[in-house]
């Protein structure tokens, strides 16, 4: 396994609430949302962000659930930009509320925005998400383009037999707009049989996009995530490919995750969690909070490779972890 890079990226889940019920996210029939007191306050999240930055975290991505459903998120984004040591504040959204919140978020300093969109068809959007919100999401994307968010990334989970006939159409969004369309392999979040049926490896995705012309690789920043980025001839934007299953990137992963309930996870598929909420609410010092991050980084460097033998996500649901 390659040596781990400097750990400089924290995915920060601020809620486990979400308006959508995406088929690949969580086993919704067994999911129970956290009681509100179990979710960290914004003041607590800012303390954690400060501790993370003190030990070398430079990029924080706000996630959920759906972060835009939490009241006060715009003010939180504004304050997060003032945490010493942070150089990037990003946010991932399903886009349902983006049309009304894009401008306030932009005014709060946010520039780096990821939008989840797995289809360009309204009926199929309803099939995948369980909700009829495609028009709202599309309006949110248009508003983000008008405002000039950059980078503006569109995350598409590839589902064989469901949306894989739209791969070219989705990719062409990056031809016509200055966006990065990122194709993501389906992960085994609960049912192995469902995953077996709908998983499509990224090599197959790239073969289906071969007609777009030769893809030229693009350079990556030090805080970049796992996507391999390319540009096709004549494209205003870029294409990204994320292959956690077929080409595991554990050896180059630079991320930690904080769940909506305040548990720090060195690895998405690992069983290790460090409870930050309890010491935080008991009056923990900044030094103690920083030590938890140092411990998480140490445990990440000793963690085993991706669990190929037991393809199931254990512990909290994806909507609670933040992906």
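Could you tell me whether any residue of the range 126-140 is touching a strand residue (DSSP E or B) at 6+ places or on another chain (Cβ under 6 Å) and over 24 Å from residue 221 (Cα atoms)? No - not one qualifying residue is present in the range 126-140. For residue 192, indicate whether it is in contact (Cβ under 8 Å) with a residue 40 or more places away in the chain, more than 30 Å from residue 278 (Cα to Cα) and surrounded by fewer than 19 Cβ atoms within 10 Å (Cβ to Cβ). Taking the combined requirement at face value, the residue satisfies it.
Checking the structure you have, find out if any residue of the range 159-166 is in a helix (DSSP H, G or I) and either touching a helix residue (DSSP H, G or I) at 6+ places or on another chain (Cβ under 6 Å) or over 20 Å from residue 232 (Cβ atoms) (or both). No: zero hits.
Is there a residue being within 16 Å of residue 90 (Cβ to Cβ), surrounded by fewer than 19 Cβ atoms within 10 Å (Cβ to Cβ) and modelled with pLDDT under 90 anywhere in the range 236-246? No: the range 236-246 contains no residue that is within 16 Å of residue 90 (Cβ to Cβ), surrounded by fewer than 19 Cβ atoms within 10 Å (Cβ to Cβ) and modelled with pLDDT under 90.
May I ask you to verify whether residue 180 is closer than 20 Å to residue 238 by Cβ and either at pLDDT 95 or above or in contact with a helix residue (DSSP H, G or I) (Cβ under 7 Å, 6 or more places away or on another chain) (or both)? Spell out the reasoning first.
Details: closer than 20 Å to residue 238 by Cβ: yes; either at pLDDT 95 or above or in contact with a helix residue (DSSP H, G or I) (Cβ under 7 Å, 6 or more places away or on another chain) (or both): yes.
It is true that residue 180 is closer than 20 Å to residue 238 by Cβ and either at pLDDT 95 or above or in contact with a helix residue (DSSP H, G or I) (Cβ under 7 Å, 6 or more places away or on another chain) (or both).
In the range 188-210, the residue that is nearest to residue 237 (Cα to Cα) out of those that are touching a helix residue (DSSP H, G or I) at 6+ places or on another chain (Cβ under 9 Å), modelled with pLDDT of 85 or more and not in a helix (DSSP H, G or I) is 209.
Which residue, of 166, 103, 142, 107, is more than 20 Å from the chain's Cα centre (by Cα) and within 18 Å of residue 61 (Cα to Cα)?
107
In the range 235-256, what count of residues is obtained for those that are outside any loop (DSSP other than H, G, I, E, B) and over 22 Å from residue 209 (Cα atoms)? Explain how you work it out, then say what you get.
We begin by selecting, within the range 235-256, every residue outside any loop (DSSP other than H, G, I, E, B); these are 238-242, 250-252, 255-256.
Checking the rest, the ones that are also over 22 Å from residue 209 (Cα atoms) come to 250-252, 255-256.
Summing the residues that are outside any loop (DSSP other than H, G, I, E, B) and over 22 Å from residue 209 (Cα atoms) in the range 235-256 gives 5.
Can you tell me which residues in the range 248-263 are surrounded by fewer than 19 Cβ atoms within 10 Å (Cβ to Cβ) and in contact with a strand residue (DSSP E or B) (Cβ under 9 Å, 6 or more places away or on another chain)? Passing the criteria: only 249.
For the range 257-279, the set of residues classified as outside any loop (DSSP other than H, G, I, E, B) and under 19 Å from the mean Cα position of the chain (by Cα) consists of 257, 258, 263, 264, 265, listed by residue number.
The values are calculated or read from the model by the stated rules, or taken from the named source; none is laboratory data. Note that the structure is predicted; figures quoted are calculated from it, not measured. Neighbour counts are summed over all protein chains in view; Cβ atoms, including those assigned to glycine, are modelled from backbone coordinates with ideal geometry.
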